[in-house]
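Novice: Pasting a structure below so you can have a look.
The values are calculated or read from the model by the stated rules, or taken from the named source; none is laboratory data. As the structure is a prediction and not an experimental result, all values here were calculated from the model. Positions of Cβ are backbone-derived with ideal geometry, glycine not excepted, and every protein chain shown enters the neighbour counts.
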Amino acid sequence: MLADALREAAAAGVRVVAIELGRWQGRPLLAEFDPAAKIIGIDRKVVERLRAAGDGEFANRFVAFAIWHELYHVRYSTRDERAAHEYASARTGVAAALFENVVREFQR
Ligand SMILES: [Zn+2]
């Protein structure tokens with residue numbers, strides 16, 4: 001699953017790195033695409049917290065969701081968040097609502 005997302009990113013010429021993303025408008029950032037560098041950054045702390053919560057498989061699917069969400073923006077050059085969520089959901093089996101709930105947990 002995560003390997004598939006990473007392969008697809010590589011095929012699109014995009015590198016995926018774990019970094020410290022910090023906060024944006026008071027909320028922790030989860031994932032970000034840098035179009036100039038062609039890099040998708042996934043927040044290291046979010047991934048660590050997910051793994052620490054004890055479900056490595058879900059952590060991997062969650063990260064895969066975030067990668068595919070960003071890849072959708074890369075591929076179709078659109079900021080359509082709902083479409084990006086649907087794209088990621090179809091590939092990971094993680095419901096967009098569940099993804100959002102987990103994101104909210106990190107935003108407290
Ligand atoms: Zn997005």
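Novice: Please determine whether any residue of the stretch 15-22 is under 16 Å from Ala3 (Cβ atoms) and within 12 Å of the ligand (Cβ to nearest atom).
Specialist: Checking the stretch 15-22: not a single residue is under 16 Å from Ala3 (Cβ atoms) and within 12 Å of the ligand (Cβ to nearest atom).
Novice: Within the set of pairs 6 or more residues apart or between chains, which connect a residue that is among the acidic types (Asp, Glu) inside the stretch 54-73 to a residue that is surrounded by 23 or more Cβ atoms within 10 Å (Cβ to Cβ) and at pLDDT 90 or above with Cβ atoms less than 7 Å apart?
Specialist: Partner pairs satisfying both residue conditions: Glu70/Ile40.
Novice: Within the stretch 85-98, which residues are within 19 Å of Ala3 (Cα to Cα) and hydrophobic (A, V, I, L, M, F, W, C)?
Specialist: Of everything in the stretch 85-98, those that are within 19 Å of Ala3 (Cα to Cα) and hydrophobic (A, V, I, L, M, F, W, C) turn out to be Ala88, Ala90, Val94.
Novice: Inside the stretch 1-28, can you point out the residues that are loosely packed, with under 12 Cβ neighbours inside 10 Å, within 22 Å of Glu100 (Cα to Cα) and either touching a Ser or Thr at 6+ places or on another chain (Cβ under 7 Å) or modelled with pLDDT of 80 or more (or both)? Write out each step before concluding.
Specialist: Initially, the stretch 1-28 is screened for residues loosely packed, with under 12 Cβ neighbours inside 10 Å, giving 3, 7, 10-11, 13, 17, 20, 22-26.
When the remaining residues are screened for being within 22 Å of Glu100 (Cα to Cα), the result is 17, 20, 22-26.
Listed by number, the residues that qualify are Val17, Glu20.
Novice: While we're here: Please find, within the stretch 29-61, the residue that is farthest from Glu100 (Cα to Cα) out of those that are in contact with a Phe, Trp or Tyr (Cβ under 9 Å, 6 or more places away or on another chain), of a type outside the set (A, V, I, L, M) and within 15 Å of the ligand (Cβ to nearest atom).
Specialist: Gly41
Novice: Can you confirm whether the stretch 51-69 contains a residue that is within 14 Å of Ala9 (Cβ to Cβ) and either of a type in the set (D, E, K, R) or exposed (fewer than 15 other Cβ atoms within 10 Å of the Cβ) (or both)?
Specialist: At the first step, the residues of the stretch 51-69 found to be within 14 Å of Ala9 (Cβ to Cβ) are 63-69.
With either of a type in the set (D, E, K, R) or exposed (fewer than 15 other Cβ atoms within 10 Å of the Cβ) (or both) added as a condition, the list becomes none.
No, every residue in the stretch 51-69 fails to be within 14 Å of Ala9 (Cβ to Cβ) and either of a type in the set (D, E, K, R) or exposed (fewer than 15 other Cβ atoms within 10 Å of the Cβ) (or both).
Conditions tested, residue by residue: (1) touching a helix residue (DSSP H, G or I) at 6+ places or on another chain (Cβ under 7 Å); (2) within 16 Å of Leu29 (Cα to Cα); (3) not hydroxyl-bearing (Ser, Thr, Tyr).
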{"site": "Ala66", "(1), (2), (3)": "no, yes, yes"}
{"site": "Tyr72", "(1), (2), (3)": "yes, no, no"}
{"site": "Ser77", "(1), (2), (3)": "no, no, no"}
{"site": "Arg82", "(1), (2), (3)": "no, no, yes"}
{"site": "Ser89", "(1), (2), (3)": "yes, no, no"}
{"site": "Thr92", "(1), (2), (3)": "yes, no, no"}
{"site": "Ala95", "(1), (2), (3)": "yes, no, yes"}
{"site": "Phe106", "(1), (2), (3)": "yes, yes, yes"}
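Novice: Being under 15 Å from the mean Cα position of the chain (by Cα) and away from the ligand (no atom under 16 Å from the Cβ) is the requirement here; does Gly93 meet it? Explain how you work it out, then say what you get.
Specialist: On the way: under 15 Å from the mean Cα position of the chain (by Cα): yes; away from the ligand (no atom under 16 Å from the Cβ): yes.
Yes.
Novice: If you check Glu81 against the conditions, is it in contact (Cβ under 8 Å) with a residue 24 or more places away in the chain and within 11 Å of the ligand (Cβ to nearest atom)?
Specialist: Numbers: in contact (Cβ under 8 Å) with a residue 24 or more places away in the chain: no; within 11 Å of the ligand (Cβ to nearest atom): yes.
So Glu81 fails the test.
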